[in-house]
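Have a look at the structure below before the remarks.
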Amino acid sequence: MTNLFRLKVIFYRTETGNEPVREWLQSLTREEKKSIGEDIKTIQSGWPLGMPLIRKLESDLWEIKSHLKNRTARVLFTIIEDNMILLHGFIKKSQKIPKQDLQLARKRIQDLRSQ
């Protein structure tokens, strides 16, 4: 049986209209963008998924772990209704997610909920 349910992928947008994850992705190589895009597409059509691609961080916050050639990218996202909202993207340099990256994602979720 095929899963006909698909999440709609949305880039978080700031009050000024910037899309931080889209801008971050544009700074990566073509190969890295393709790899991250494929991971997002897998989640979009196969939700809910778990490890090793996705890890739940909090009740409404997940991370995508994309393995690139010499490093690992992370995209933090939330689900609101049928939307997968990409909140924050970064290259992970340590085992733990840096506090400021988590706080930024939490703030963006609060911003979405207050709209």
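Bear in mind that the values in this text are calculations on the coordinates, not laboratory data. Predicted, not measured: the structure shown is a model, and the values here were computed from it. Heads up, the Cβs are rebuilt from the backbone with ideal geometry, glycines too, and the neighbour counts pull from every protein chain shown.
List of remarks:
- Here is the P(r) of the chain: all C-alpha pair distances, binned every 5 Å from 0, give 2, 11, 23, 25, 22, 12, 4, 1, 0 in whole percents.
- Counting charges near Glu81 (Lys, Arg +1; Asp, Glu -1) among other residues having Cβ under 14 Å from its Cβ returns a value of +1.
- Lysines with Cα under 20 Å of Lys99, excluding same-chain neighbours fewer than 8 positions away: Lys56, Lys65, Lys107
- Radius of gyration, Dmax [segment 63-115; alpha carbons; angstrom]: 12.1, 39
- Within straight-line reach of Lys69, meaning a Cα separation under 23 Å, sit the following lysines at least 8 residues removed in sequence or on another chain: Lys33, Lys34, Lys41, Lys92, Lys93, Lys96.
- Taking label points 7 Å from Cα along the Cα-to-Cβ direction, Leu104 and Asn83 give a separation of 2.1 nm.
- Rounded to the nearest 20 debye, dipole of the chain from Cβ charges on Lys, Arg, Asp, Glu: 420
- Beta bridges by DSSP in the chain, antiparallel share as percent, to the nearest 5: 85
- Two-site label geometry, Gln95 and Thr29: point separation in nm, points 7 Å out along Cα→Cβ: 2.8
- Each peptide in 108-115, 5-12 was scored by the mean count of other Cβ atoms within 10 Å over its residues; highest first, the order is 5-12, 108-115.
- Computed extension length for Ile10-Asp60: 16.4 nm, one decimal, from 0.36 nm per residue of separation with the Cα-Cα distance subtracted.
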